[in-house]
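Data first, discussion second: the structure below is written as structure tokens.
The numbers here are math on the coordinates, done by the rules we state, and not lab data. Values in this document were obtained by computation on a predicted structure and should not be read as measured data. Note that each Cβ is placed from the backbone with ideal geometry, even for glycine, and that neighbours are counted across all protein chains shown.
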Amino acid sequence: MIDREQVLHIARLARLRLDDQEVERMAAELSGILEHVEAIGELDLEGVEPTTHVVALENVLRADVPAPSLDRERALAGAPDSASGSFRVPSPQA
């Protein structure tokens, strides 16, 4: 299916350098892939729903529900240094 010239063209587009042995191997592998795609294309998929996964996925995260946040005093209670209701951090070295 895929010949040497097609492999070289694809390799050039992908900016790949292939030696002769790799070109032959890629021709065989790409041909095999296309044969599988053709076989899948021949399947009767009438009534089969499209899916993105073969098994159902379930979200394990909690629901995103608004809730009250920490008040400023409680948030700053553990700070090593605070001033004017904000965290104080060392200034960056110049």
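Points to keep in mind about this one:
- Residues satisfying the stated conditions in the stretch 24-67, i.e. of a type in the set (Asp, Glu) and assigned to a loop (DSSP other than H, G, I, E, B): Glu42, Asp44, Glu46, Glu49, Glu58, Asp64
- Taking first residues from the stretch 66-94 that are touching a residue at least 12 places away in the same chain (Cβ under 8 Å) and partners that are of a type outside the set (Phe, Trp, Tyr) and assigned to a loop (DSSP other than H, G, I, E, B), the Cβ contacts under 6 Å between residues at least 6 apart in sequence or on separate chains come to Arg72/Gly85.
- Matching entry among Val23, Val89, Val54 (being out of contact with any Ser or Thr (no Cβ under 7 Å at 6 or more places or on another chain) and surrounded by 10 or more Cβ atoms within 10 Å (Cβ to Cβ)): Val23
- Within the stretch 32-61, residues that are free of Cβ contacts under 8 Å to residues at least 40 places away in the same chain and of a type outside the set (Gly, Ala, Ser) reach partners that are in a loop (DSSP other than H, G, I, E, B) and surrounded by 10 or more Cβ atoms within 10 Å (Cβ to Cβ) with beta carbons closer than 6 Å, at six or more positions or on different chains, in the pairs Leu34/Met1.
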